[in-house]
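So the structure is just underneath, and the comments pick up after that.
Since every read-out is calculated from the coordinates, none of them should be taken as a lab result. On a predicted model such as this, the values are computed, not experimentally measured, just so you know. Every residue, glycine as well, gets a Cβ built from its backbone with ideal geometry; the counts of neighbours run over all protein chains shown.
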Amino acid sequence: MNLEKAQPVQEIQTPSHPEIKAHTKRNPLAIFKKMGKSWELYLFLLPTLLYFVIFKYVPMYGLQIAFKDFIAVDGIWGSPWVGFDHFQRFFQSYKFWDLLKNSLLINTYQLIFAFPLPIIFALMLNQVTHTRFKKLVQTVTYAPHFISVVVLVGMILLFLSPSSGFVNNFIQLFGGEPIYFMGSESWFKSVYVGSEIWQTTGWSAIIYIAALTSIDPNLHEAAIVDGASKFQRVLHIDLPGIMPVIMIMWILQIGHFVTLGYQKILLMQNDLNIGSSEVIQTYVYKSGILNSQFSYAAAIGLFENAINFILLIMMNQFAKKMKQQSLF
């Protein structure tokens with residue numbers, strides 16, 4: 001057989017010919033037909049897409065006021081451009097370094113102490129074999145997540161009160177002096193991170209517990225046959241098994257490293273601890289809402305989100321280089 005003559009015939013008859021592929025890709029009707037076969041799935045996806053478009057992407061139109069001297073009467077289009085004046089004003093402000101330092105320190109404390117605890121808790125809970133006790137522990141640790149911020153801060157003020165709080169009563173029981181926790185700059189970050197740990201550890205552990213259930217039980221059975229202890233199985237089977245989830249959660253945590261929810265900090269804030277509790281988010285709230293400096297507050301918020309975006313990209317690239325799970 002003459003192979004030189006047979007080869008072109010095979011290229012023409014094969015369905016994977018490049019011209020046929022290109023024609024399929026350029027045909028929009030084929031795409032819509034394919035979507036029409038699974039229209040129910042796209043219908044379920046539609047509310048989520050609308051949510052992100054309406055509440056996430058459309059408001060980005062208002063970011064331009066960070067580069068304008070926004071006047072409410074004139075509107076966004078009618079307000080004059082000022083360029084980077086608001087950014088320069090923030091960078092030259094005497095509060096800039098204090099705000100940045102407080103925001104970074106609180107988030108660093110959370111990464112060091114609050115981030116690993118749900119992982120450790122999930123690994124420990126996964127070793128519990130008594131079903132009722134396991135459900136009881138889960139219920140008790142999940143419950144604080146559903147407490148509102150206002151109620152939580154009220155509980156903190158009651159518990160840490162220097163006159164009637166049970167924490168100071170316990171300190172005095174052993175001969176110590178009562179501590180005004182909420183009136184001390186040195187104690188504020190510890191109280192904030194400690195309350196975050198208490199409220200979020202159980203809830204944050206859910207995703208790790210779910211990831212642990214997907215690990216093949218045959219791996220544990222083989223390790224038991226080989227004489228591995230529980231700690232060795234956790235270290236060499238459970239932990240590597242949930243490492244992709246850990247990396248994703250770590251990247252997401254770094255993605256809002258500079259951002260802190262202002263509600264809780266604002267409720268815990270007072271004149272005595274403001275040197276340690278004033279962060280970028282609370283400053284944006286006071287500048288934009290209380291003082292009506294909308295353009296200035298928008299510029300600070302844009303700067304904050306830009307830093308978070310850069311950190312997210314850098315951490316995602318680092319995860320790729322380390323051959324770990326990444327977002328994209």
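The figures follow:
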{"read-out": "Cβ-based net charge around MET247, under 15 Å, with every Lys or Arg adding one and every Asp or Glu removing one", "value": "+3"}
{"read-out": "Interchain or long-range residues, amide H under 5 Å from SER79's placed H", "value": "ILE71"}
{"read-out": "Helix 185-213 axis, angle to the chain major axis (alpha carbon atoms, nearest 10°)", "value": "30 degrees"}
{"read-out": "Most mobile listed residue (LEU235, LEU49, LEU123) in the chain, GNM with C-alpha springs under 10 Å", "value": "LEU49"}
{"read-out": "Formal net charge of residues neighbouring LYS68 (Cβ-Cβ distance under 14 Å; K, R +1; D, E -1)", "value": "-2"}
{"read-out": "For the stretch 56-130, projected area of the alpha-carbon convex hull averaged over all directions, nm²", "value": "9.2 nm²"}
{"read-out": "Qualifying chymotrypsin sites (Phe, Trp or Tyr not before Pro) in the stretch 75-108, DSSP loop, other Cβ atoms within 10 Å at most 13", "value": "PHE84, TYR94"}
{"read-out": "Overall Cα dimensions of the stretch 110-191 - principal axes, largest extent first, Å", "value": "43, 28, 25"}
{"read-out": "Fully extended contour minus Cα-Cα distance, from ILE112 to TYR180, at 0.36 nm per residue", "value": "22.0 nm"}
{"read-out": "Residue-wise HN-Hα coupling along the stretch 77-91, computed from phi with Karplus coefficients 6.51, -1.76, 1.60 (Hz; x: Gly, Pro)", "value": "5, x, 6, x, 6, 10, x, 9, 4, 5, 5, 4, 4, 5, 5"}
{"read-out": "Percent of Cα pairs exceeding the 25 Å cut-off, where the set is the chain", "value": "70 percent"}
{"read-out": "Residue-span extension gain [ASN169 to ALA306] - 0.36 nm each, minus C-alpha spacing", "value": "44.8 nm"}
{"read-out": "Amide H contacts under 5 Å for LYS68, placed H, 5+ residues apart", "value": "VAL82"}
{"read-out": "CD proxy at 222 nm, helix term only [per DSSP H run n ≥ 4: -39500 (n - 2.57); per residue of the chain; nearest 500]", "value": "-19500 deg cm²/dmol"}
{"read-out": "Rough spin-label spacing in nm, given labels placed 7 Å along Cα→Cβ, for THR213 and ALA72", "value": "5.0 nm"}
{"read-out": "Net charge of Cβ neighbours under 12 Å - reference ALA297; Lys, Arg +1; Asp, Glu -1", "value": "+1"}
{"read-out": "Tail fraction, Cα-Cα pairs, the stretch 152-194, threshold 17 Å, whole percent", "value": "27 percent"}
{"read-out": "Cα pair distances of the stretch 217-328 binned at 10 Å [whole percent]", "value": "13, 25, 22, 19, 12, 7, 2"}
{"read-out": "Rough spin-label spacing in nm, given labels placed 7 Å along Cα→Cβ, for LEU267 and GLN92", "value": "3.9 nm"}
{"read-out": "Equivalent ellipsoid dimensions for the stretch 284-328 as semi-axes, Å, which come from the Cα gyration tensor, largest first", "value": "34, 7, 6"}
